[in-house]
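Read the figures in this text as sums done on the coordinates, not as results from a lab. Given the structure is predicted, the values throughout are model-derived calculations rather than measurements. Neighbour counts run over all protein chains shown; Cβ positions are idealised from the backbone, glycine included.
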Amino acid sequence: MPEVTPIDRRKADHIRINLEEDVQSARTNGLEYYHFIHQALPELDLEAVDLSQEVFGVRLRAPILISSMTGGTEKALEINRHLAEAAEISGVAMGVGSQRAALEHPELAESFRIVRRVAPHALLFANLGAVQLNYGYGIDECRRAVEMIEAQALILHLNPLQEALQVDGNTRFSGLLGKIEAVCRALEVPVIVKEVGWGISEATARRLADAGVAAIDVAGAGGTSWSQVEMHRAPDAFSRELAAIFVEWGIPTAQSILNVRKAAPGMTIFASGGLRNGLEIAKCIALGATLGGMAGPFLKAAVVSTEEVLQTIRLVTRQIQVTMFACGAATLADLNSERLERVS
């Protein structure tokens, strides 16, 4: 058995807490304020509704992203295997969890490498914490993460609040934008910048667009609150109380999408943060996103089996298709803001 490292232990804690504890944000994702305008005469056949599109050179059969979750532990290997097998069969995209543990402890890399072996044609996103660029990481580590899973793109995730709530967290975020820009210029694959659950402001979106990122995953408030995850991991009362007050923190997912659209109109947007079904993914696409990402529902399915993940993807895909049919959108390009009304 590989030696258990602090990073390995933290990842195992994250899986356990997400499955066993209430770590839901006190905020909603904001999508409840948007309703589709029903079309009683859609002039469409349901089975002709087309959910396919090309993203980073890969044709996807549905606009679904299995959001970055895990890796680096024995349990994570089976979870990632089930997720990746389902992504391959279903033709959807998948991101892996942070690969830092595998870069620093190569014996843990198998839990990441497994995804490409079982999903040779899937759209896969590698993943590193952007802040690691301030702790000695550079283009070499980014390339190694991409090569580890033969990814078509690299996610650099931003998690300042989470790091601030961790004992000995990595909190040196100054000067990070220039290093992200350097990676965007040098890396051979597109760079996606992703929040982890507190959303993206207009100012941040503008800076990231200027830095050359290819896509932004808004990961807005409304789903898993990593401040609450860290609260459950906290070693003492002081740390628990510190984390507890941030349960309402963040920019909701719907607002985050609009922020990016306003600040960087041409930016590719991935929407995640509290999405629970295909109707909510469809709302995100109508607001301007290309893909809708979910983590929690897929994690719960993946601890059971590949078939359970496939069933979840089938249900979400059908929900998107029926939503498009009922609002008269034949393709994802037709699924735009004119199909929505905002309600108070």
- Query: Counting only residues 5 or more places away or on other chains, whose amide H sits under 5 Å from the amide H of residue 196 once H atoms are built in the peptide plane?
  - Reply: 158
- Item | Amide H within-cut-off set for residue 129, under 5 Å, with H built and near neighbours excluded | 99, 100, 157
- Message: Please list, in order along region 120-127, the HN-Hα scalar couplings obtained from phi with the Karplus expression 6.51 cos²θ - 1.76 cosθ + 1.60 (θ = phi - 60°), rounded to whole Hz, x for Gly and Pro.
- Response: x, 10, 6, 7, 10, 10, 6, 7
- Query: Using the per-residue mean of other Cβ atoms lying within 10 Å as a proxy for protection, in what order, highest first, do the peptides 41-54, 261-274 fall?
  - Reply: 261-274, 41-54
- Message: Using 0.36 nm times the number of residues separating residue 61 and residue 203, minus their current alpha carbon distance, what extension gain do you get?
- Response: 47.8 nm
- Message: Starting from a Cα-only point model with no solvent, please compute log10 I(q)/I(0) by Debye for the chain at q = 0.06 1/Å.
- Response: -0.19
- Message: Please report the antiparallel percentage of the DSSP beta bridges confined to the chain, to the nearest 5.
- Response: 20 percent
- Task: Grab the chain and count how many Lys pairs have their alpha-carbon atoms under 23 Å apart, sequence gap of 8 or more, or different chains.
- Result: 9
- FRET efficiency for residue 168 and residue 188 from the Cβ-Cβ distance with R0 = 45 Å, rounded to 0.05, comes out at 0.85
- Between residue 214 and residue 177, what length comes free when the chain is fully extended (0.36 nm per residue of separation minus the Cα-Cα distance, one decimal in nm)? 11.9 nm
- On a C-alpha basis, how far is the centre of region 216-274 from the centre of region 52-125 in Å? Whole number, if you could? 22 Å
- For region 231-244, in order, what is each residue's ³J(HN,Hα) by Karplus, 6.51 cos²θ - 1.76 cosθ + 1.60 with θ = phi - 60°, in whole Hz (x at glycine and Pro)? 4, 6, 8, 4, x, 7, 5, 4, 5, 5, 5, 4, 6, 4
- Once phi is turned into ³J(HN,Hα) by the Karplus curve 6.51 cos²θ - 1.76 cosθ + 1.60 with θ = phi - 60°, what whole-Hz value does each residue of region 334-344 show in order, with x for glycine and proline? 7, 8, 10, 5, 5, 7, 10, 10, 8, 10, 8
